[in-house]
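Worksheet: one structure, shown below.
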Amino acid sequence: MQGIKKLGVIATSLFLITGCDWFDSDNDDTNTPPPEAESSFVRVHHTSADSPNVNVLAGETALLENVPYHTSSGVLEVDAGDYDITVQGILPDESTVDAIGPASLTFAADTRYEVFAAGQLGDESLEPLVLSNPVSDVAAGESRIQVVHVAYGAPTVDVYLTTPDAELSSASATLTLAYGEDSGQVDVETGDYRIRLTGAGDDAVIYDSGTVSLADGGDYIIAATNNVAANSANSPVTLQVSDGETTTLINDADAGADVRVVHAVADAPNVDVTLNDAADPQIADLAFLSATDYLNLEAAEYSVDVAAAGGSPVVLEDLPLEVENAMSYSVYAVGELSTIGLQVLTEERRSVATEAKIQLVHAAPSAGNVDIYVTATDDISGADAAFTDVPFDAEGLVSTGNVALTPGDYVVTVTATGTQDIAIQTPLLTLEGGGIYTAVAVDATSGGLPPQLILMDDLAN
């Protein structure tokens, strides 16, 4: 079995001492060695979309540490027996909270267990989902798959396993799965396949894997999980595939990319944004301090024109923009009107119940380098800056990225680097668990100082 790690530290050995005769004149003691413990095999899958990185414990012993969402462990070999399994969520301050358990599980000999952290932490539906299968080899020329539906909140689905070029209209559903159900182990011929999902009894495809290859002798767990990438409203599922050694995430081949545009140029007029020389702009009359909603685009390379609202004059022409499947982006118009450019930031949009995510973007050309404070009050006199010497760079927009904070009340303060002279200070912001927050520093309206903020994501609500 591939990828097996032996965890003897959590096993209890039985010692049998026989044949001891204290009155034997030869003083021959016969010690029977302890029998070898029988083994079980365990694989753990993090499939809870709103849960943080986790530790997995058996009793007091760590089986796995700091496991992120959409990750499966290798196969762990443990002594058969009873275990108290706990899944700990890791909080932003690096403390932990018990997310699951302790749950009493019995692992039988010569059996492989698939343990899924399934459900949502935020609504207390998180629980272990455990599948068990006897240990057996996969025949030559075949691959083994087991499909499980752990996409919380997603509908019951029909699963189609076909050749890559098969028309769905001529195929029959291979199986139907509701949340928490699985296919059992199925052996299929090694080769190339295509997995498509529809709502049960429906012909509208909500997930398409494209071509996937199953290796000779491969033994796969295929988990339908919550899509936290692009186009999740129309494509709620992605596949997390484990072969015992590696985890592969197979996004919907037709997910596309989610893209929003942010107008951060203080002295520029309202603008229209047109892709690929379309007759009408995809984004019209976007004002300074404004951001669009996310637009779903086909993964491709685009030519972007930016013009004053109404189409003239053209400010930027034929700028290339390449977006990848299942990714999210923010496209910023930055700088000053005379030097306007487009900069792209990749966005991470997964909501985590135990943390507030905040991102700070420096898009104020007049502000120079800045320090950024994130504090409990508006008094920064005794505080250290969370970020220091953050520059404005029109050719490589600078962002803090998503920073995980303990949910609570915070004030964000921006100062000139090396000083505590306040340039921007927010009111008290309540940052909630599961929230995603973005604040963008820009110039004053019409340009220059003092800088101000564009509040986006949950800050804009």
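A short reminder: the numbers here are calculations on the coordinates, not readings from a lab. Since the model is a prediction, treat every value here as computed from it, not as a measurement. Heads up, the Cβs are rebuilt from the backbone with ideal geometry, glycines too, and the neighbour counts pull from every protein chain shown.
Descriptive notes on the structure:
- Taking the stretch 138-254 and dividing mean pair separation by its residue count, relative contact order in percent (alpha carbons under 8 Å, at least six apart): 30
- Other residues with beta-carbon under 13 Å from the beta-carbon of residue 237 carry, at +1 per Lys or Arg and -1 per Asp or Glu, a net charge of -3.
- For the stretch 341-448, the share of DSSP beta bridges that are antiparallel, to the nearest 5, is 75%.
- Shape class for the stretch 91-186, computed from the alpha carbon gyration tensor (a ≥ b ≥ c): oblate, with a/c not under 1.5 and a/b at or below b/c.
- Sequence of 130, 150 once ranked by neighbouring C-beta atoms within 10 Å, starting from the fewest: 130, 150
- Selection among 291, 157, 73 by position relative to the dipole of the chain gives 291 as farthest towards the positive end (Cβ unit charges, Cα centre).
- DSSP beta bridges fully contained in the stretch 256-347 are about 80 percent antiparallel.
- Charge dipole (the stretch 348-461, unit charges on Cβ, about Cα centre) - positive-most of 455, 370, 441: 455
- Order of 209, 366 under a 10 Å beta carbon neighbour criterion, fewest first: 366, 209
- Footprinting exposure proxy for 222, 283 (fewest neighbouring C-beta atoms within 10 Å first): 283, 222
- On the basis of the beta-carbon distance and an R0 of 25 Å, residue 389 and residue 349 show a calculated FRET efficiency of 0.35.
- Pairs of Cα atoms nearer than 8 Å and 6+ residues apart set the relative contact order; for the stretch 256-347 it is 35 percent.
- Comparing 122, 168, 145 along the charge dipole axis of the chain, the residue lying farthest to the positive side is 122, per the Cβ-charge model.
- Dipole magnitude (debye, nearest 20) for the chain, charges at Cβ of Lys, Arg, Asp, Glu: 680
- Distance between modelled label sites at residue 186 and residue 65, nm, 7 Å Cα→Cβ extension: 4.0
- Working from Cα pairs under 8 Å separated by at least six residues, relative contact order for the chain is 10 percent.
- FRET efficiency, residue 318 to residue 98 (Cβ-Cβ, R0 45 Å, nearest 0.05): 0.20
- Note, ³J(HN,Hα) from phi for the stretch 334-348, Karplus 6.51, -1.76, 1.60, rounded to Hz, x at Gly and Pro: 10, x, 10, 3, 6, 10, 3, x, 10, 10, 10, 10, 7, 10, 10
- Potential lengthening between residue 416 and residue 139 on full extension [0.36 nm per residue; Cα-Cα distance subtracted]: 93.0 nm
- A prolate overall shape is assigned to the stretch 256-347, the ratio a/c of its alpha-carbon gyration tensor axes (a ≥ b ≥ c) being 1.5 or greater and a/b exceeding b/c.
- About the centre of its Cα atoms, the stretch 138-254 shows a dipole size close to 280 debye [charges on the beta carbon of Lys, Arg (+1) and Asp, Glu (-1) only; nearest 20 debye].
- DSSP beta bridges confined to the chain are antiparallel in about 80 percent of cases.
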